[in-house]
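Below: the structure, in structure tokens.
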Amino acid sequence: MTRKSCRRQIGSRLLFLLLAVALVYLALGLGFHLAWKQALDACREARMARGEFVEPEVFAPILGLFFDVTFWPVYAWANLYHDGTPLATPCTH
């Protein structure tokens, strides 16, 4: 085995590992988005039933999905720090 083929094999394995890590990160982000969206919808319905003002969604669904999937560790940490749960909603305050 030559040096060049050995480097190429190591590079392809590292690229595969990086791709696997990225896919797991995005899958966790999608799961976070779906769970958080469900918690927000339940909170929104409970607040409307009590007659409270319910703010409209700020971002379009695609943009919200992008932010949630991309920045989910930041959102989860901030929610956990401030409210004690990674899926904080106005109902958890």
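Readers should treat all values here as calculations from the given coordinates under stated rules, not as data from a laboratory. Here the structure is a predicted model, which is why all the values come from computation and not from measurement. All Cβ positions, even for glycine, are placed from backbone atoms using ideal geometry, and neighbour counts span all protein chains on display.
Points worth noting:
- Isolated Cys residues of the chain, judged by Cβ distance under 4.7 Å to other cysteines: 6
- Rounded to the nearest 20 debye, the dipole magnitude of region 28-92 is 60 debye, with +1 charges on Lys and Arg beta carbons, -1 on Asp and Glu beta carbons, and the Cα centre as origin.
- Rounded to whole numbers, the Karplus 3J(HN,Hα) couplings from phi for region 73-82 are x, 5, 4, 5, 5, 5, 5, 5, 5, 8 Hz, using 6.51 cos²θ - 1.76 cosθ + 1.60 with θ = phi - 60°, and x at Gly and Pro.
- Cα gyration tensor, region 40-80 - rounded (a/c under 1.5), prolate or oblate: oblate
- Stretching residue 24 away from residue 12 to a fully extended chain increases their span by 2.5 nm, per 0.36 nm per residue minus the current alpha-carbon distance.
- Listed candidates (i) 0.95; (ii) 1.03; (iii) 1.26 - label of the one calculated as Rg/Rh (Cα atoms, Kirkwood Rh): (iii)
- Phi angles across region 44-60 convert, under the Karplus curve 6.51 cos²θ - 1.76 cosθ + 1.60 with θ = phi - 60°, into 3J(HN,Hα) values of 4, 5, 5, 5, 5, 5, 7, x, 7, 6, 10, 5, x, 5, 7, 9, 5 Hz, Gly and Pro given as x.
- Loop-located GluC sites (Glu not before Pro) in region 9-83 whose Cβ has at most 13 other Cβ within 10 Å (DSSP): 52, 57
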